[in-house]
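J.: Okay, here's the structure, questions in a sec.
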Amino acid sequence: MRRRHTLGSLLLAPLLTACFAAPGGDSHGDASDGSRLRVALAFPPAENLSPYGADATLLSRLGVTEGLTALDANGAAAPALAASWRRENDRTWLFTLREATFQDGTEVTPAAVAAALTHATEAKPAPAALSGVTLTAEGAGDAVRITTKSADPVLPLRLAGPSLAVFAPKAYAPGEVDPVGTATGPFELTKVTGSSSATLDRFDDYWGGRAQASGIDARFIADGTARANAVRTGQVDVAEAIPVAQAATLDKATLKETATTRTTSLHLNTGSGPFEDPKLRAAAREAVDNSAVVKGVFEGYADPGTGIYGPAVTWAEDKRVRPTGRASAAEPHGTSVTLATYDNRPELPEAAQVVQQQLQKAGFKVTLVVREYARLETDVLAGKFDAFIGARNSLVDTGDPVAVLASDYTCDGGYNLSRLCDSKVDRAVAEADAVADTGERQDAAMRAEAAVLGTDAVIPLAHQEIISGVATDVRGLLLDPYERTLVGLGTR
């Protein structure tokens with residue numbers, strides 16, 4: 001097994017240091033005004049760059065958007081548009097804003113921020129960061145007062161979610177948000193060409209200073225081999241998610257490995273079809289050998305899946321709780337199932353083939369469907385497949401370990417790929433969400449994880465590292481385990 005990378009324990013106390021500055025160096029073009037960066041991203045926009053779904057991280061990774069808070073390297077809440085905050089009572093927090101300007105030239109005001117958060121609460125489906133949470137926001141002098149329906153001890157972490165980015169008032173129209181020229185980050189989105197490319201220019205009035213790159217030319221390249229070739233031939237400066245199979249073809253100096261809190265899992269559709277039967281889900285669990293997936297597909301750039309949280313979440317393993325109450329496995333007797341996955345991450349179709357063979361060996365008849373993610377997500381959430389293999393960063397939405405459980409595994413969860421609705425799970429998640437103390441919240445999260453795993457709705461396969469291709473003259477790239485950032489002020 002390759003060396004393990006670890007993160008510090010997740011902290012809930014806010015830190016008063018920003019997390020945008022990064023070291024830099026020379027790049028291509030006119031160094032006096034900064035050159036443009038050429039970036040290849042693995043996922044084309046799936047929802048017209050709406051900040052309320054999967055596209056939210058595209059905007060944050062390109063330095064377009066930000067919210068009231070951000071995550072620091074330890075997973076703690078750090079200032080962003082809010083310079084500081086304090087808790088007034090169990091349900092109310094006051095966030096004091098810094099002086100900042102929207103990319104359309106208007107001022108970031110408490111009223112504008114409150115309106116932006118209100119729009120997020122009204123989005124359908126609800127952003128993952130707000131799963132199970134009801135909040136109201138209003139201006140209060142130079143601050144924004146946020147009140148939650150019930151006590152929310154991790155609200156500063158929640159507000160760091162990319163889906164709660166703040167936009168200028170003109171961005172909002174009924175049912176949509178236009179991020180072009182309306183956000184607050186160091187780079188302004190100026191043009192989007194369908195699902196193929198986007199153009200960004202430096203936002204010179206950014207509150208944190210002037211970015212060192214003059215702009216970004218982003219290309220959305222779903223094919224992993226094509227991304228690797230683009231780095232190898234010098235067509236792009238940065239390419240994310242280089243396939244494991246392509247890593248050996250790149251110069252070692254251009255490879256950057258990042259430990260992440262991302263887990264590849266097999267989700268079983270508990271809402272309809274064969275896997276509505278817990279005994280058949282148990283049969284699938286017993287059939288799957290995740291060590292074979294790690295060895296044969298990830299070639300050591302991953303650890304075998306042990307839970308929803310992997311080894312990059314350093315506190316999880318010592319607190320893990322063994323699932324109980326699992327159903328006994330039934331014989332599949334040729335039960336037909338459809339297994340789906342996407343090819344934006346090339347390892348996933350390979351993992352799906354391994355799992356397909358394992359399920360077939362156990363007695364299932366398996367049909368495999370592979371599409372680009374943008375053409376798959378809606379059907380998966382609608383329950384049109386019996387099983388789905390996906391890669392999910394468990395801390396990307398909020399940095400809070402409970403939030404991913406609420407959004408992905410509860411009856412009202414907005415990203416419930418397994419379509420799980422189980423009273424025991426909902427109760428365990430609700431109990432965890434009510435705990436404020438950091439260590440006790442982690443303990444409760446692990447009890448809730450055990451409740452989820454006990455349903456066999458999800459079978460963890462691998463805890464991944466992400467490989468990026470980076471030209472040797474690029475400096476200041478922001479490679480973080482939460483996969484929220486990529487390009488920042490000091491990237492050039």
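J.: Eight or more residues apart or on different chains, and alpha-carbon atoms under 25 Å: count the Lys pairs in the chain matching that.
T.: Within the chain, the lysine pair count is 16.
J.: Determine Rg/Rh for the chain; Rg is computed over alpha-carbon atoms and Rh is the Kirkwood hydrodynamic estimate from the same atoms.
T.: That ratio equals 0.96.
J.: Let me ask something else about it. Would you mind giving the three semi-axes, in whole Å and largest first, of the ellipsoid equivalent to the stretch 180-307 according to its Cα gyration tensor?
T.: Ellipsoid half-lengths, sorted descending, are 38, 22, 14 Å.
J.: Once phi is turned into θ = phi - 60°, what whole-Hz ³J(HN,Hα) does the Karplus curve with 6.51, -1.76 and 1.60 give for every residue of the stretch 319-336, x standing for Gly and Pro?
T.: So the Karplus estimates, Gly and Pro as x, are 9, 5, 10, 6, x, 10, x, 5, 6, 7, 6, 9, 6, x, 6, x, 4, 8 Hz.
J.: Sticking with this one: Taking the Cα centre of the chain as the origin, how large is its charge dipole in debye, to the nearest 20, when only Lys and Arg (+1) and Asp and Glu (-1) carry charge on their Cβ atoms? Don't jump to the answer; show the numbers that get you there.
T.: Numbers: 47 positive and 61 negative charges, 182 e Å.
The dipole of the chain has a size of about 880 debye.
J.: Using modelled amide H (1.01 Å from N, peptide plane; none on Pro or chain starts), what sits under 5 Å from the amide H of residue 66, excluding residues fewer than 5 places away?
T.: For residue 66, the qualifying residues are 166, 184, 185.
J.: What ³J(HN,Hα) values, in whole Hz, does the Karplus curve 6.51 cos²θ - 1.76 cosθ + 1.60 give for the stretch 266-282 when θ = phi - 60°, with x put for Gly and Pro?
T.: Values, residue by residue: 9, 9, 9, 6, 7, x, 6, x, x, 7, 5, 7, x, 6, 6, 5, 4 Hz.
J.: Oh, and also: Taking Cα centroids, how far is the stretch 178-224 from the stretch 266-299 in Å?
T.: Measuring centre to centre over Cα atoms gives 39 Å.
J.: Averaging over all projection directions, find the projected area of the Cα convex hull of the stretch 260-465 and quote it in nm² with one decimal place.
T.: Values: hull surface 40.5 nm².
Mean shadow area of the hull around the Cα atoms is 10.1 nm².
J.: Still on this structure, please answer the following. So what is the accessible area of the chain per residue, in Å², with the probe set to 1.4 Å? All intermediate terms of the calculation are to be shown ahead of the outcome.
T.: Working: 18860 Å² over 492 residues.
Result: 38 Å² of accessible area for each residue.
J.: Among DSSP beta bridges lying fully in the chain, give the percent that are antiparallel, nearest 5.
T.: On the way: 56 of 73 bridges.
So the antiparallel bridges amount to about 75 percent of the total.
J.: Under a Cβ-Cβ cut-off of 14 Å, what is the net charge of the residues other than residue 97 that fall near it, where Lys and Arg count +1 and Asp and Glu count -1?
T.: In short, -2.
J.: If amide hydrogens are placed 1.01 Å from N in the peptide plane, which non-local residues have theirs closer than 5 Å to the one on residue 84?
T.: 96
J.: Taking Cα centroids, how far is the stretch 368-422 from the stretch 454-485 in Å?
T.: 18
J.: If you take the square roots of the eigenvalues of the alpha-carbon gyration tensor of the stretch 349-492 and sort them as a ≥ b ≥ c, do you get rounded (a/c under 1.5), prolate (a/b over b/c) or oblate? The partial results should precede the final answer.
T.: Values: a/c = 2.08, a/b = 1.11, b/c = 1.88.
Since a/c reaches 1.5 but b/c is at least a/b, the shape of the stretch 349-492 is classed as oblate.
J.: Please give the peptides 428-438, 235-245, 173-183 ranked by average Cβ packing (other Cβ atoms within 10 Å per residue), highest first, as a rough proxy for protection.
T.: 235-245, 428-438, 173-183
J.: While we're here: With n ≥ 4 as the cut-off for DSSP H runs, can you work out [θ] at 222 nm for the chain, using -39500 (n - 2.57) per run divided by the number of residues, rounded to the nearest 500?
T.: -6500 deg cm²/dmol
J.: Have a look at 445, 297, 282 and report the one farthest towards the positive end of the charge dipole of the stretch 260-465, computed about the Cα centre with Cβ charges (Lys/Arg +1, Asp/Glu -1).
T.: Checked the options; the winner is 282.
J.: Classify the stretch 380-459 as rounded, prolate or oblate, taking a ≥ b ≥ c as the square roots of the eigenvalues of its Cα gyration tensor: rounded when a/c is under 1.5, otherwise prolate if a/b is larger than b/c and oblate if not.
T.: Note, shape of the stretch 380-459 comes out prolate.
J.: Which whole-Hz couplings ³J(HN,Hα) result when phi for each residue of the stretch 250-265 is put into the Karplus expression 6.51 cos²θ - 1.76 cosθ + 1.60, θ = phi - 60°, listed in order with x for Gly and Pro?
T.: 9, 4, 4, 5, 9, 9, 10, 9, 10, 5, 10, 9, 8, 10, 8, 9
J.: While we're looking at this one, here's another question. Using protein chains only and a probe of 1.4 angstrom, how many square angstrom of residue 365 are accessible, to the nearest 10?
T.: Accessible area of residue 365: about 130 Å².
J.: Quick one: grab the alpha carbon gyration tensor of the stretch 65-179, order the square roots of its eigenvalues as a ≥ b ≥ c, and give me rounded if a/c is under 1.5, else prolate or oblate depending on whether a/b is larger than b/c.
T.: Judged from the Cα gyration tensor, the stretch 65-179 comes out rounded (a/c under 1.5).
J.: Considering amide H positions built from the backbone, and no H for Pro or chain starts, which residues 5 or more places from residue 266, or on another chain, come under 5 Å of its amide H?
T.: Close amide H contacts, sequence-distant or interchain: 459, 461.
The values are calculated or read from the model by the stated rules, or taken from the named source; none is laboratory data. Predicted, not measured: the structure shown is a model, and the values here were computed from it. Cβ: placed from backbone, ideal geometry, glycine included. Neighbour counts: every protein chain shown. These area figures cover heavy atoms from the full protein model, side chains too; ligands, DNA and RNA do not enter into them. Shrake-Rupley method; radii C 1.70, N 1.55, O 1.52, S 1.80 Å.
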